[in-house]
Amino acid sequence: MKKGAMFGLESRTLRKQPGRLFLESFPRLSFRLVEGQQATSVLTAKGAMFGLDARIALAIFGALSVISGAALYNAIQQVRVISLVTDLVEAGKAYEAFYIDTGLNPTENGAVWLDAVDLVSSSIVGWKGPYLVNSVDTVSNVHLDHSSYGTLALARAYTADHAGSSIGTKNCTATDCAIYSVITDVPESVAKAADLYVDGSDSIGTGNLRYYEATGSLRVVLYKLGPYNN
């Protein structure tokens with residue numbers, strides 16, 4: 001109400017003395033208009049800055065998401081590699097314990113495979129197992145089931161064999177044969193990473209860890225345990 005009364009009073013005064021009062025009032029009116037425009041400009045600038053800040057924040061968040069995703073993938077891959085190698089090593093320890101207790105190798109099944117079932121159940125004299133807790137693979141009845149991949153097995157192969165195509169099938173002798181723990185159906189990326197982890201290079205047919213193609217992108221991974229004891 002006060003503003004309305006003042007506006008009416010100023011209007012009447014302006015009508016009485018249009019020239020002088022208009023000139024006196026004009027600066028005040030101009031100041032109010034300019035002041036209002038500046039306030040609007042400040043608000044507009046603040047809005048623009050907020051929009052810019054939001055875009056920067058989104059860009060940073062997007063970059064961090066990519067980095068975090070890559071780091072997470074690498075971490076998961078490393079866990080898979082360590083788990084795979086650990087299982088191969090544990091199978092080797094089980095084989096060694098079996099051999100110490102019985103003085104024998106697990107039962108031979110053909111030119112390559114040893115009966116890994118002997119590590120979980122056997123009537124051989126001196127047997128003190130089970131040395132592993134894996135269940136028996138019901139398809140082969142020679143290998144054991146693996147919790148993450150295909151099967152866990154034991155094999156003997158020539159130490160000089162190129163494992164890139166197959167496991168050596170020729171009978172071993174005391175000087176040229178080694179025993180390997182084997183895990184089947186391992187993704188190629190995990191097999192390669194495990195080779196780098198164990199041997200320091202991805203060379204499929206050399207070193208303590210080797211692998212060869214099974215089907216598609218899956219690989220059979222072999223870990224050298226030591227000389228085959230004939």
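Quick rundown of the values:
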| item | result |
| --- | --- |
| All positions within region 109-152 that are assigned to a strand (DSSP E or B) and at pLDDT 95 or above | Val136, Leu144, Asp145, Thr151, Leu152 |
| Region 54-65 residues that are surrounded by 10 or more Cβ atoms within 10 Å (Cβ to Cβ), paired with ones that are part of a helix (DSSP H, G or I) and at pLDDT 70 or above (beta carbon under 7 Å, 6 or more apart) | none |
| Search result, residues across region 96-134 that are of a type in the set (Phe, Trp, Tyr) and touching a Pro at 6+ places or on another chain (Cβ under 7 Å) | Phe98 |
| Residue list for region 171-230, filter: outside any strand (DSSP E or B), of a type in the set (Gly, Ala, Ser) and modelled with pLDDT under 90 | Ala174, Ser201, Ser203, Gly205, Gly207, Ala214, Gly216, Ser217 |
| Output for region 96-108, where each listed residue is closer than 14 Å to Asn141 by Cα and assigned to a loop (DSSP other than H, G, I, E, B) | Pro106, Thr107 |
| Residue match in region 76-87 (condition: more than 17 Å from Val221 (Cα to Cα) and crowded, with 20+ Cβ neighbours inside 10 Å) | no |
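Conditions tested, residue by residue: (1) outside the structural domain of Val182 (by TED's automatic domain parsing); (2) touching a His at 6+ places or on another chain (Cβ under 7 Å); (3) among the small types (Gly, Ala, Ser); (4) closer than 29 Å to Ala193 by Cβ.
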position	(1), (2), (3), (4)
Lys93	no, no, no, yes
Asn109	no, no, no, no
Ala116	no, yes, yes, yes
Val120	no, no, no, yes
His143	no, no, no, yes
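The values are calculated or read from the model by the stated rules, or taken from the named source; none is laboratory data. Just so we're clear, the structure is a prediction, and the values are computed from it rather than from any experiment. Reconstructed Cβ throughout: ideal geometry from the backbone, glycine too, with neighbour counts over all protein chains shown.
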